[in-house]
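Report on one structure; see the data block that follows.
Rule-based calculations on the coordinates, nothing more; no lab input. All values derive from a computational prediction rather than experimental measurement. Don't worry about glycine lacking a Cβ; one is built from the backbone with ideal geometry, like all the others, and counts go over all protein chains shown.
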Amino acid sequence: MLFIEALNRANNQPNEKKIISRVKYRPIVSNQDSVDLSSAAHQVKEIYLESQTKDALTASTSVFANLIEHVLSYIFETKLHLHSPEELDLDKKNWKLFLQVPPINTENGRKSAGYLAPEIHRRPPAKQLIFHIPVKPSYGIPVDITLLMSPHNGSPETLDFFHSFPKENSLPVLRTPYPPEFLDQQVKHHHILLDQDGEADQLSALYAHANQSRLIEQNPIPTQLCGLRIWRTKNNALNPIVLGDKHIGLLFVGHYKAQEGNAISAEERARQASNLYTKA
């Protein structure tokens, strides 16, 4: 467990020559290979995390991290550990990670009939899951904290437990070293979103900087968590919290400030935009 000490266009002019119109006229051709771009594509943005932009890892942040760790361990029926960059000595090096933020809203009511999957052999629909967690202070009675977990948006698959688990789940007690007065002051309801669009080695940029002895001692995480990205929803925005990697494991980055940016130059982005086609 990771615990920190508590403290419109214009019309043509009437005198315009008709010959010009005839030359510029092109028939509109429609075929079955054309596709529509989802409005979700306009929501996607690139962000990056870097070693220099972070807040201190506080006790409140630690409680939040351990809530996620506790829930994931319950779901996958195995003891999981969230590493902190400080634990892996990553805070002593200079590094940068680039991520794409998944769309917040889905378009469930706008599916084309030509792309609907057959009804047979379909799994139950994915649902949001609610986890009720009794958090035990150093003394006194537990404090109830709720964690709402949503499946990711914009990707073709979701993790199996979003289909198989009941909507509401009561978890075992999570023990902490903090006094009850401190836990009473914490946020009692959290909402996170799970996105499995990351690569299994999405933290490869950190391999050379991490404390290797800390990594060797850890057991490998379930394959479903390799490439996992957990986001926190706040004020209609998503912030990265946990990143899963096949070598590093689960890395908590909730105290790092996401910066808007991209890994390619502005010139390259403009060139790619000018070559964008909507034909498949």
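Give me the net charge of Asp184's neighbourhood, meaning all other residues with Cβ under 15 Å from the Cβ of Asp184; Lys, Arg count +1, Asp, Glu -1.
So the environment of Asp184 carries a net charge of 0.
Set the bar at 28 Å for Cα to Cα. Now go through Lys96/Lys188; Lys92/Lys246; Lys136/Lys234; Lys92/Lys136; Lys96/Lys127; Lys54/Lys188 and name every pair that lies beyond it.
In this structure, Lys96/Lys188; Lys92/Lys136; Lys96/Lys127 exceed 28 Å between Cα atoms.
Give me the net charge of Gly227's neighbourhood, meaning all other residues with Cβ under 14 Å from the Cβ of Gly227; Lys, Arg count +1, Asp, Glu -1.
With Lys, Arg at +1 and Asp, Glu at -1, the net is -4.
For the stretch 122-259, what log10 I(q)/I(0) values come out of the Debye formula at q = 0.10, 0.14, 0.18, 0.21 1/Å, with one point per alpha carbon and no solvent?
Values, matching the q order: -0.42, -0.82, -1.20, -1.32.
Ranked from highest to lowest mean number of other Cβ atoms within 10 Å per residue, what is the order of the peptides 247-253, 209-215?
247-253, 209-215
Quick one: Karplus J couplings for the stretch 201-207, per residue in order, coefficients 6.51, -1.76, 1.60, θ = phi - 60°, nearest Hz, x for Gly and Pro?
10, 5, 9, 4, 5, 9, 4
Ranked from highest to lowest mean number of other Cβ atoms within 10 Å per residue, what is the order of the peptides 73-85, 162-174?
Packing proxy ranking, top to bottom: 73-85, 162-174.
Can you list the residues, at least 5 places off or on another chain, whose amide H is less than 5 Å from the amide H of Leu80, using H built in the peptide plane?
Ser73
What is the packing order of peptides 189-199, 139-149, taking the mean over residues of other C-beta atoms within 10 Å and listing the highest first?
Order by mean packing, descending: 189-199, 139-149.
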